[in-house]
Amino acid sequence: KPLACNIREGKWILVFINGDTYNEGTWVLVNPTHIRNFAKLLAHLTDKLNPIFGAVRSLVALRDGWPITVNSLDSIRPNEKYVAIGSEKFKPLRYLTKQEKEHKSFRKVHYNVGEQYCQLSVRCKKDTHISIYLFTNGDRSLQPYKFVLTQNNLASWGSTLELMARRMTASPR
């Protein structure tokens, strides 16, 4: 008679430290062979993350932007974001990975300006101005043109694009 195996798979979770805006999350494997109860998971997170507040005492799941307190291993879902908390309260910050932070700060936009195809990298700073780095024909080997635009420039996007095209043709690189 073959042996009945009850093998449960491990779950990879992304854990952030509560209140740490510079923490980009740490991937942790919750392996049921080694971590058999919730207290062992909290001890494992304390060892792995080494947070400044000391021991991890609770875990909060970030589901659809809402914090949900996790009380058991069964309520942990794979590939989700969690926040490790000590004795302090949960601090509602934007817990983002490095890739998410980079993706939020830059937006790539493609436009046809006259005969040239241009790729823009746009970065918004404090809603006062927008810096745009324009690469001619998508050629990243040349230095990009830098344009700093205010809200007044953005009132008419068509005239702003014409201004960019004139400046690029006036000073070829």
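The values are calculated or read from the model by the stated rules, or taken from the named source; none is laboratory data. Remember, predicted model here, so these are calculated numbers, not experimental data. Glycine also receives a Cβ, built like all others from the backbone with ideal geometry; neighbour counts cover every protein chain displayed. Side chains included, ligands, DNA and RNA excluded: accessible areas come from the protein's heavy atoms. Shrake-Rupley method; radii C 1.70, N 1.55, O 1.52, S 1.80 Å.
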Practice item. Considering (1) open to solvent by 70 Å² or more (accessible area, probe 1.4 Å); (2) free of Cβ contacts under 8 Å to residues at least 40 places away in the same chain; (3) within 23 Å of the chain's Cα centre (by Cα), say which one Asn79 fails and leave the rest. Key: (2)
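This table checks each residue for (1) surrounded by 14 or more Cβ atoms within 10 Å (Cβ to Cβ); (2) under 17 Å from Leu42 (Cβ atoms).
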site	(1), (2)
Ala61	yes, yes
Ala84	yes, yes
Ser87	no, yes
Arg94	no, no
Review point. Of the residues that sit in segment 43-96 and are assigned to a loop (DSSP other than H, G, I, E, B) and aromatic (Phe, Trp, Tyr), which one is nearest to Val30 (Cα to Cα)?
Key: Tyr95
